[in-house]
Amino acid sequence: MSNALENKWAIILGASSGFGEAAAIELAKQGMNIFGIHLDRKAGLAHVEEIKERIKELGREADFFNINASDPEKRDEVLGEMEQILDEHGNPGSVKVLIHSLAFGTLKPYISDDPKKRLSGKNFDMTLDVMAHSLVYWSQEVVARNLMGEGGRIFAMTSAGGHRVWPTYGAVSAAKAALESHIRQLAYELAPKKITAN
């Protein structure tokens, strides 16, 4: 087990499925405790409990929050709870990893003869806010609250959609391109703090 990760914490945005779920379990195997952020309806909560149990079976802590990760009030509330949990464990500032794996966007064409079927401003704003801009807001707060310090790692999940064209994928493609741009800027601005962003 890696001493560098033992008893450290990871914050995973989108922890209930896909890459986020896989990362949560693998990081727990490497000795990390997990803060999981997810947005699931009642039907999906049983699976979230299964993920938490797997993490706990590995001897790690698992604190999951069922919220909209792009809601500023909920983000503030949950980060406050994380601070409290870290303080209770006598381990403030022990977040080593932040993973952004949020996939929630609108799949509609830009152009359609039917105005109801084409992408609206609301669709666009929501897709970019969740799938791109939320990375910046979480990173800002995690660093500002000193939850993550020197040696921290920030990761975001992109896709080929950031530079390829598919029908109805325009808003998600724009979000992926923005996400890649945000990562470059975060990497530049966090380098003096010895925090990486990839």
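The values are calculated or read from the model by the stated rules, or taken from the named source; none is laboratory data. Being a predicted model, the structure only gives us computed values, none of them experimental. Cβ atoms come from the backbone with ideal geometry, glycine included; neighbour counts cover every protein chain shown. We work out accessible area using only protein heavy atoms, side chains counted, and drop any ligands, DNA or RNA first. Shrake-Rupley method; radii C 1.70, N 1.55, O 1.52, S 1.80 Å.
Remark: region 22-125 projects, on average over all directions, an area of 8.6 nm² (convex hull of Cα atoms). Nearest 10 degrees, 0 to 90: what angle lies between the long axis of helix 18-29 and the longest principal axis of the chain (Cα atoms)? Computed tilt is about 10 degrees. Note on Ala160 and Ser94: with the Förster distance fixed at 30 Å, the Cβ-Cβ geometry gives a FRET efficiency of about 0.30.
Derived scalar couplings between HN and Hα for region 169-184 equal 9, x, 5, 5, 4, 4, 5, 5, 5, 5, 4, 5, 5, 4, 4, 4 Hz in order, rounded to whole Hz, by the Karplus curve 6.51 cos²θ - 1.76 cosθ + 1.60 (θ = phi - 60°), x for Gly and Pro.
Taking amide H as placed 1.01 Å from N in the peptide plane, the amide H of Ala156 sits under 5 Å from that of His100, Asn198, each at least 5 places away or on another chain. Expressed as a whole number of Å, what is the distance separating the alpha-carbon centroids of region 34-92 and region 95-164? Measuring centre to centre over Cα atoms gives 19 Å.
Pairs of lysine residues in the chain that meet both criteria, 8 or more places apart or on different chains and Cα atoms under 16 Å apart, total 13. The label-point distance for Ser17 and Ala144, in a model that sets each label 7 Å from Cα toward Cβ, rounds to 3.1 nm.
Give me the accessible area per residue for the chain, probe 1.4 Å, as a whole number in Å².
On a per-residue basis, the chain sits at 53 Å².
In this structure the amide hydrogen of Ile195, modeled in the peptide plane, comes within under 5 Å of the amide hydrogens of Gly151, none closer than 5 places in sequence on its chain. Distance between the modelled labels on Asn68 and Lys117, one decimal in nanometres: 2.8 nm (7 Å Cα→Cβ projection).
Within the accessible area of region 1-160, the carbon and sulfur atoms contribute 50%, probe 1.4 Å, all protein chains present.
Applied to region 84-94, the Karplus parametrisation 6.51 cos²θ - 1.76 cosθ + 1.60 on θ = phi - 60° returns per-residue 3J(HN,Hα) values of 5, 4, 5, 5, 5, 7, x, 9, x, x, 9 Hz, with x for Gly and Pro.
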